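The values are calculated or read from the model by the stated rules, or taken from the named source; none is laboratory data. Every value quoted in this text rests on a predicted model; they were computed, and no experiment measured them. Cβ coordinates were reconstructed from backbone atoms using ideal geometry, including for glycine residues, and neighbour counts include every protein chain displayed. Accessible surface is based on the protein model in full, side chains and every heavy atom, while ligands, DNA and RNA are left aside. Shrake-Rupley method; radii C 1.70, N 1.55, O 1.52, S 1.80 Å.
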Amino acid sequence: MKTEVKTLDFNTDWEYSPALESTDHIHIQEPTDLFISGEFIPGVRGKYFETINPANEEKIANVAEAEKADVDLAVKAARKAYDNVWSKMKPTERGKYIFRIARLIQERAREFAVIESLDGGKPIRESRDVDVPLSAAHFFYYAGWADKLEYAFPGRDAHPVGVAGQIIPWNFPLLMAAWKIAPALATGNTIVLKPAETTPLTAMKLAEIIQECDLPPGVVNIINGGGNTGQALVEHADVDKIAFTGSTEVGKFIMKTVVGTGKKYTLELGGKAANILFDDAPVDQAVEGIVNGIFFNQGHVCCAGSRLFVQENIAENVISKLKERMETLIVGDPLDKNTDIGAINSKIQLDKIKMYVDIGQKEGGSIFQSPCSLPKMGYWHAPTLFTDVSQSHRIVQEEIFGPVLAIQTFRTVDEVIMKANNTPYGLSGGVWTDKGSKIFSLSKKIRAGVIWANTFNKFDPSAPFGGYKESGLGREGGVEGLMPYVNLV
Ligand code: NAP
Ligand code: MG
């Protein structure tokens, strides 16, 4: 199916001419079926749901919905492939398949990037320069580990766990699939993956690549559907490990379900990162990093720098520079290469963001929003910042998962450490200062899995990622990312 995309009506007076990425090279299966045992098949009961383009609310494709019986089929296919083929295959051979997947992602990078932006609403610059290359990099990285597990775990024998059930969110659909699939394959496990309901299409494109790679049938199965499909996968008795990325609420529910069943599990959950700016930091660089930290991907980032702590003596200058920079951000068509901020992923998410912006104002915060006109159709939100907020405000405590920044000030190092740690989450953080000693001392005291110094939102497959406290359990990425997929003897 060729997908026609209309130019969106932004009614702006930009100085830029639109530079739309073309869509004539992409192919989306209509309908998009389930990928089980190496084949695309409809669900047992033939049910479909629609995935839409959040930038204009138009339907992109019908997607097969997996019910309990389909989950069972997928798990059986994964078990068979595990017992008969994948767990017995020489690690060097396993590695070759994973390298093949990585290379094919690179070859079809443009198609992946356009589909990611169409289905999820993120700017093409991000899907093209971040999501797709990082996804390929994850497969390359873990392909390299497949035949070197004895070096990852010296003196131990690493055995695969078996069948892994993997559930991912909508904010980085292809990248989250890569984070989950690559280490599981490298360690000899087979997989049933469930993408998020609003963004199934790039995972299904990955399924096409997997088929093209001749990966033995059943090694990777990808099934779509909503929370019920995910729950059926979590509850399935023949799944040995659950890898979940999503909200803390669903993560807690999953934890309760698997406790006592003997299943291994990892949970990558929400966040409320503190970005800490000292008066000795290069301010312009920091402003750019703060903007990137919260407005990147519309703030749909678990590790988004959604709380800014700025040292009191420079606060006025920093806030005025931030506002100036926000005025130049281009909220626009996700397929336009000029766009900085695309569409919000779904109506539900947009309503949630608006609810928090409302709460922020009712609780006494002062609001500033980029002056931009938003199209009538689709889901859009202007970049927003709040000042005059304190630790007890809900917009400071709760994860909004949108382009909303809450700014507070501090005077001393001890004070900012206390404020930064005053959250149920602990996924990431940022420190901006000229002093290396401050960076090292703070990064030890902030209880979060990742601390960036004088930068933000930087990822590499060799670096482990994961949370403290309610941000989750376990690590993905790096050598540490192999651990959840092996039993060590
Ligand atoms: P979500 O509602 O928890 O959904 C995540 C996935 O779980 C989706 O595939 C969802 O299906 C599925 N699901 C829903 N209910 C389920 C259940 N009862 N049992 C099993 N699976 C179920 O989260 P989201 O709104 O998609 O994503 C945003 C959240 O993800 C944020 O909190 C963000 O911080 C977090 N996140 C964390 C990381 C990290 O690495 N720590 C990375 C990215 C995102 P449906 O799509 O059909 O609802
Ligand atoms: Mg969609």
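Some notes on this structure:
- Inter-label distance, S366 to S390: 1.6 nm, where each label sits 7 Å from its Cα along the C-beta direction.
- Taking max minus min of the alpha-carbon positions on each principal axis, the chain gives extents of 66, 54, 36 Å, largest first.
- Net charge dipole, the chain: roughly 1480 debye, given to the nearest 20, about the Cα centre with Cβ charges of +1 for Lys and Arg and -1 for Asp and Glu.
- Pairs exceeding 23 Å between alpha-carbon atoms, taken from K337/K458; K354/K376; K122/K337; K354/K458; K194/K469: K354/K458; K194/K469.
- FRET efficiency for the pair T92 and M377, taken as 1/(1 + (r/R0)^6) with r the Cβ-Cβ distance and R0 = 45 Å, rounds to 0.30.
- 3J(HN,Hα) along the stretch 263-280: 6, 7, 8, 10, 10, 10, 10, x, x, 8, 5, 9, 10, 10, 10, 8, 6, 9 Hz, from the Karplus curve 6.51 cos²θ - 1.76 cosθ + 1.60 with θ = phi - 60°, whole Hz, x for Gly and Pro.
- Top positive-direction residue, dipole computed over the stretch 274-460 with Cβ charges, set S366, V404, Q349: Q349
- FRET efficiency estimate (nearest 0.05) - Cβ-Cβ, R110 to Y48, R0 41 angstrom: 0.90
- In terms of the mean number of neighbouring beta-carbon atoms within 10 Å, the peptides 322-330, 88-96 order highest first as 322-330, 88-96.
- DSSP bridge orientation in the stretch 274-460 - percent antiparallel, rounded to nearest 5: 15 percent
- Between A274, I168, Y485, the Cα set farthest toward the positive side of the dipole of the chain (charges on each charged residue's Cβ, about the Cα centre) is that of Y485.
- Accessible area per residue, Å², the stretch 11-66 with all protein chains present, probe 1.4 Å: 53 Å²
- Distance in nm between pseudo-label sites at N487 and Y468 (7 Å out along the Cβ direction from Cα): 3.3 nm
- Peptides 181-190, 142-151 ranked from most to least packed, by the mean per-residue count of other Cβ atoms within 10 Å: 181-190, 142-151.
- If the chain linking N317 and N454 were pulled fully straight, counting 0.36 nm for each residue of separation and taking away their Cα-Cα distance, it would gain 47.5 nm.
- Rounded to the nearest 20 debye, the dipole magnitude of the stretch 161-299 is 560 debye, with +1 charges on Lys and Arg beta carbons, -1 on Asp and Glu beta carbons, and the Cα centre as origin.
- Amide N of the stretch 202-238 lying under 12 Å from the label point, which is placed 7 angstrom from the Cα of R103 along Cα→Cβ: 213
- Of all DSSP bridge pairs formed entirely within the chain, close to 35 percent run antiparallel.
- Between H27 and E150, full extension at 0.36 nm per residue minus the direct alpha carbon distance yields a gain of 40.2 nm.
- Shape category assigned to the stretch 41-99 from the gyration tensor of Cα positions, a/c cut at 1.5: oblate
- Degrees between helix 132-145 axis and first principal axis of the chain (Cα, 0 to 90, nearest 10): 50 degrees
- Nonpolar atom fraction for the stretch 274-460, defined as the carbon and sulfur part of the 1.4 Å probe accessible area, stands at 51 percent.
- A protection proxy built from the mean count of other Cβ atoms within 10 Å ranks the segments 446-454, 163-171, most packed first, as 163-171, 446-454.
- Extending 7 Å from the Cα toward the beta-carbon at both N84 and K347 defines two label points whose distance is 4.5 nm.
- Rounded if a/c under 1.5, otherwise prolate or oblate - the stretch 267-335, Cα gyration tensor axes: oblate
- Net charge over other residues, Cβ less than 12 angstrom from the Cβ of V71 (K, R count +1; D, E count -1): -3
- Placing unit charges on the Cβ atoms only, positive for Lys and Arg and negative for Asp and Glu, gives the stretch 274-460 a dipole magnitude near 440 debye about its Cα centre.
- Given their separation in residues at 0.36 nm each and the Cα-Cα distance between them, I359 and E208 gain 49.9 nm when the chain is fully extended.
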